[in-house]
Amino acid sequence: MCYFEDQQDVRDWLEPLGYEEFWREVSTFDLRLQSKESCDQQISSGSVDEATVLRVLKGMVRMQVIDQQNLPPRDYVAPLSMH
């Protein structure tokens, strides 16, 4: 299982994942998601497209991981110019 420093780390981790890679990566977490089989069936029946399923699943994972690991937002300090 991965541990993250902040919420943006989770977003950065999830963003590039494709559908199959997503399922491999999230398998180590204790998450409440629809099963892959259920999602596959919805996609194959044409009731929803893969991109939509993946977008929703990533959102659910992001929220659950942030909550489970109690992750803070990323602190962003704009660079200061000393001129």
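Taken together, the values in this text are just the output of simple stated rules run on the coordinates, not laboratory data. Source: prediction; values computed, not measured. When we count neighbours, we look across all protein chains shown, and the Cβ atoms used for this are built from the backbone with ideal geometry, even at glycine.
Worth pointing out:
- Among residues of region 51-73 that are on the phi > 0 side of the Ramachandran plot and acidic (D, E), none has a beta-carbon under 7 Å from a residue that is surrounded by 11 or more Cβ atoms within 10 Å (Cβ to Cβ) and in a helix (DSSP H, G or I) at least six positions away or on a different chain.
- Matching residues, region 44-61, being surrounded by 17 or more Cβ atoms within 10 Å (Cβ to Cβ) and either in contact with an Asp or Glu (Cβ under 6 Å, 6 or more places away or on another chain) or among the charged types (D, E, K, R) (or both): K58
- Restricting attention to region 24-39, the residues being surrounded by 15 or more Cβ atoms within 10 Å (Cβ to Cβ) and over 11 Å from the mean Cα position of the chain (by Cα) number 3.
- Pairs with Cβ under 7 Å, 6+ apart, first in region 1-26 and closer than 19 Å to S38 by Cβ, second not in a helix (DSSP H, G or I): E25/L17
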